[in-house]
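One structure is given below, encoded as structure tokens.
What follows is calculated from the coordinates using simple rules that are stated; it is not laboratory data. On a predicted model such as this, the values are computed, not experimentally measured, just so you know. Cβ: placed from backbone, ideal geometry, glycine included. Neighbour counts: every protein chain shown.
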Amino acid sequence: MRSKSPILHALLHLTATLAAGEPATTTTITLKVTPATLSRSNNSLTIQWSGLPSPSPLDYVAVSSPPSSGDLDYLGFLFLNGSASWATGAGSLTLPRLPDLRAPYQFRLFRWRPGEPSSNPRLDQDGDPLPDAHRRVAVSGDVSFEESAAALPAQVHLAFADAPDEMRVVFVCGDAGARAVRYGPAGRREEEWEQAAATEARTYERRQMCGYPANDSVGWRHPGFVFDGVMKGLQPGRRYHYKLHLAFLFGDLGTYVPYNTYFRTPYESLSTVRWILRDLQALGDKAAFISHIGDISYAKGYTWLWDHFFEQIEPIASRTPYHVCIGNHEYDWPSQPWKPSWAANIYNGKDGGGECGVPYSIKFRMPGNSSLPTGTGAPDTQNLYYSFDAGVVHFVYMSTETDFSQRSDQYNFIKADLERVNRSWTPFIVFQGHRPMYTSSNEHLEPLFVKHNVTVALWGHIHRYERFCPMKKHQCLDTSSSFVYPGAPVHVVIGMGGQDWQPSWKPRLDHPDVPIFTQPNSSMYRSSEFGYMKLLATREKLTLIYIGNNDGQVHDMVEISSGQASSEAELVATTQRISWMYVEIVGCVMLALLIGFAAGFLTRRKDSTK
């Protein structure tokens with residue numbers, strides 16, 4: 001790494017830079033940020049200032065990147081009153097984490113008085129103006145990641161590929177140079193590992209965004225280059241290690257933790273079954289894969305939030321396959337090609353922040369090849385609908401944002417896919433999509449669900465947990481918590497993470513002014529607490545468990561029997577846990593961190609003096 005010059009070090013102690021209209025003062029205002037160079041293992045910062053005369057509780061430090069960006073285009077900000085000594089005109093704040101945006105950061109100190117109107121055209125999520133930026137009084141030196149960081153793989157995440165003996169690894173680099181994935185089973189020497197080229201350095205441009213803020217200087221930052229490599233010929237039940245490198249070079253630029261592979265091949269012999277079981281005993285309660293059904297990062301047009309999100313999930317997603325489907329906050333925009341007749345007013349917002357599905361399509365690579373032209377000139381939308389088997393469960397993902405009405409391409413895929421399910425291998429079917437079916441349309445999908453015995457339908461979008469009885473035409477077929485599959489799916493809304501200000505439940509029609517949210521007979525359990533869902537499956541029984549974040553305890557559980565008997569060999573085989581956490585809560589954690597260390601990248605911390 002190149003050493004820093006004395007001039008660059010001196011920049012960390014810049015004196016005040018007075019903006020037009022700021023009164024002259026004999027006080028020297030300093031703004032210091034340390035360290036000046038960040039690494040992947042240490043990306044926390046300390047911000048210190050001194051000499052600020054007559055401090056205001058609304059004075060703040062803005063986080064900007066790159067340094068050439070305008071004052072109003074800050075990524076986030078911190079009010080100085082977060083420091084205990086702010087009233088003295090000096091203090092310090094700590095940022096626990098900054099994502100690597102492949103460009104330097106700069107910090108700027110602004111004055112803002114209580115009662116002073118803001119001329120900032122940007123609004124927070126409550127519709128209030130964000131802090132003004134016309135009275136800048138100090139600027140820090142640049143803060144950068146190590147020079148090698150751009151070449152190193154970042155934001156690593158796994159996904160199942162199209163063949164049962166394959167695993168895909170996706171990652172981001174700051175340049176489009178060739179990369180490779182090297183991998184091998186645990187216990188084998190590295191020189192005997194296989195190597196696969198990481199292909200398609202995909203990226204997207206500002207001009208391909210379809211609206212504000214995604215196509216504006218306030219939201220756009222270059223996303224880097226996305227690579228993916230497919231590890232092939234993997235054997236069921238074996239643990240594998242992998243490393244990501246510059247292509248065909250054996251220098252170890254970055255080593256990532258080993259991951260445990262699960263495969264969805266049928267098990268043919270008792271010896272294979274016992275081999276898998278031994279490995280599973282070592283795994284304990286680790287998830288087989290993670291399912292995140294829409295509203296992935298809540299970037300909503302602010303590109304850097306994708307970087308922050310992927311860095312947060314990397315410790316999990318780099319060792320456990322991470323599967324997604326598209327939601328309204330990745331796609332929804334007035335120009336989107338499809339708006340269902342029964343809900344045109346719902347599918348006509350700007351929830352996608354002008355992204356129109358492009359970052360989602362580039363940053364993930366799910367099985368299958370579903371694709372749809374956007375109609376906006378942007379690249380086709382990918383990762384719309386697909387399916388795979390995992391153990392004794394067949395999983396189907398759909399896009400609620402693109403046409404799923406009868407005779408559409410997506411409907412035809414779902415119909416054909418359900419018709420091909422081999423129930424002797426996978427007695428359970430779990431269907432997933434973002435917007436709940438009974439709040440969008442049930443007339444198209446429900447007949448397919450009933451005809452092909454879909455076991456469970458999981459939905460997001462509504463930031464609550466609610467489990468319904470198995471339903472057919474809005475009628476309950478069973479109201480207990482343990483039953484043999486009755487011929488219709490159990491619908492569960494699992495959008496527990498995310499914002500919590502929306503109305504919790506459907507109001508009673510006879511109380512329109514003062515709603516009373518009476519729990520309907522079809523609702524078996526509901527909760528407004530954050531949490532996640534775990535799914536466990538054997539050939540005989542599928543179990544859904546809702547765990548609360550507040551206490552880590554089981555709040556709800558339902559058991560659905562398949563009615564199939566298991567032989568001893570099958571029972572041993574299917575003791576594997578086909579389990580996952582619904583991790584929209586990761587998006588919530590991301591937002592919480594942003595609010596905690598930067599008063600929100602898209603939201604404003606209220607005046608603590610009010």
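Between Ser405 and Asp380, what is the label-point separation in nm under the 7 Å Cα-to-beta-carbon projection?
So the two model labels end up 2.3 nm from each other.
For a label point 7 Å from the Cα of Tyr212 along Cα→C-beta, name the residues of the range 339-370 whose backbone N is under 14 Å from it.
350, 353-354
Pairs Lys472/Lys534; Lys243/Lys534; Lys300/Lys339; Lys451/Lys473; Lys451/Lys472; Lys232/Lys541: which exceed 22 Å Cα-Cα?
Numbers: Lys472/Lys534 25 Å; Lys243/Lys534 29 Å; Lys300/Lys339 19 Å; Lys451/Lys473 13 Å; Lys451/Lys472 11 Å; Lys232/Lys541 32 Å.
Pairs exceeding 22 Å: Lys472/Lys534; Lys243/Lys534; Lys232/Lys541.
Please state the relative contact order of the range 421-494 as a whole percent: Cα pairs under 8 Å, 6+ residues apart? Walk me through the intermediate numbers first.
Working: 117 pairs, mean separation 25.6, N = 74.
Computed value for the range 421-494: 35 percent relative contact order.
Please work out the FRET efficiency for the pair Val554 and Tyr438, using the Cβ-Cβ distance as r and a Förster radius of 25 Å; give the result to the nearest 0.05.
Details: r = 25 Å, r/R0 = 1.01.
For R0 = 25 Å, the calculated efficiency reads 0.50.
Whole angstrom only: what separates the Cα centroid of the range 70-140 from the Cα centroid of the range 317-353?
About 31 Å separates the Cα centre of the range 70-140 from the one of the range 317-353.
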